[in-house]
Each structure stands twice: as structure tokens, then as C-alpha cells.
Amino acid sequence: MNQLAAIGTATAKGQNLSISTKHCIEICSWLRYRTTVQAKRLLNEVMHKKQAVPFKRFKRNVGHKPGMAAGRYPMKATQAVLQLIAAVEANAQFKGLSTGQLKIVKILANRAAVPFTGGRRFRKTKRTHLEITVKEKKEQKVEKKSK
């Protein structure tokens, strides 16, 4: 059995999404190990062009953005990731987890199969698989040392 398939986790998957795989990989590496509240706030800032997604892997010919090196505002991929985060929060709530304390433990993007498009010219279309797994953060108790 998978270690992440524990009782305190929830998962959501998006199959064959029509978004850029490279943009999704950069977004996933940016959001990994953050809480869902932080991730939604950051993605909403990207949608309003207040915060850029830092591009660290696919950064060739990508211009610098304020406060960082290479970065972009991938709107379509950001919207898809936001929808998937909302779905994983709904799944966690159905399982009885606290939605305010969810931490993203696994978020990944993979290339999907490329369908052929007909017509006079041959075109490829973009397809991506997305997967998000969240785990409920546990409250850390601070114990005072007795003398």
C-alpha cells in the first residue's frame, strides 16, 4: 500500500487537461510543501498579475520580473491548478479533515498523450496530467521544561 494513501490524506487528479506541461511543472515546484491557503493566495495573485511564478527549470528566453529572476504569469495553467486545489479541499472535507490545516505533500505534472487534430494541417495540442495530495497538518504543542 502506498505510504501517502493514509487516513489523513486526500487526493485529486486532473487527466488530459489542455494546458502547458512546462508551466504546470514550474507552478508545481513553486507550490510544493505549502499550505492550501498559501497556494490559493499565491495563485490568485498570479491571476491578477501581482506575483509572477518563478521559472527555474524552463527559463530560456524568459524575462526577469520584479523581485525575482525569470518568471511568467501562466493564466490558463494557474486557473487549472486553482480548480484542482478546490477539488482536493472538497475531498479532504468529505473525509473529515480540517480544510484550514491542509499541507500539499505531493503535487506533480506529467505529459499526457498528444491527440492528433485533423484538417488541412497537422497540429499537436497540449495535454497535461495533474495530481495533488494533501495531508492534514498537526498542531505542534510547545512544552515548557520544568526545573
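The values are calculated or read from the model by the stated rules, or taken from the named source; none is laboratory data. Bear in mind that the values here come from a model prediction, so they are computed numbers and not experimental data. Every residue, glycine among them, receives a Cβ derived from its backbone with ideal geometry; neighbour counts consider all protein chains shown. The protein model used for the area step is the full one, side chains on, heavy atoms only, and it has no ligands, DNA or RNA in it. Shrake-Rupley method; radii C 1.70, N 1.55, O 1.52, S 1.80 Å.
What to note about this one:
- Degrees between helix 75-94 axis and first principal axis of the chain (Cα, 0 to 90, nearest 10): 40 degrees
- Heavy-atom accessible surface of the chain: percent carbon and sulfur, 1.4 Å: 49 percent
- For segment 1-75: accessible area per residue (Å², 1.4 Å): 63 Å²
- Among 37-44, 72-79, the order from most to least packed when residues are scored by Cβ within 10 Å on average: 72-79, 37-44
- Amide H contacts of residue 51: 46, each under 5 Å away and 5 or more positions distant or on a separate chain (H built 1.01 Å from N in the peptide plane; Pro and chain starts excluded).
- In order along segment 97-109, the phi-based Karplus estimate (6.51 cos²θ - 1.76 cosθ + 1.60, θ = phi - 60°) of 3J(HN,Hα) comes to 8, 7, 6, x, 10, 8, 10, 6, 9, 8, 9, 8, 10 Hz; Gly and Pro are listed as x.
- Relative to the longest principal axis of the Cα atoms of the chain, the long axis of helix 21-31 lies at roughly 20 degrees.
- For residue 107, nonlocal amide neighbours, meaning residues 5 or more places apart or on other chains whose placed amide H falls under 5 Å from its own, are 133.
- Residue pairs, from the table 40/95; 40/138; 22/76; 40/106; 76/103; 106/126, whose Cα atoms sit over 18 Å apart: 40/95; 40/138; 76/103; 106/126
- Calculated [θ] (222 nm, deg cm²/dmol) that DSSP helices of n ≥ 4 give over the chain, each run adding -39,500 (n - 2.57): -9500 deg cm²/dmol
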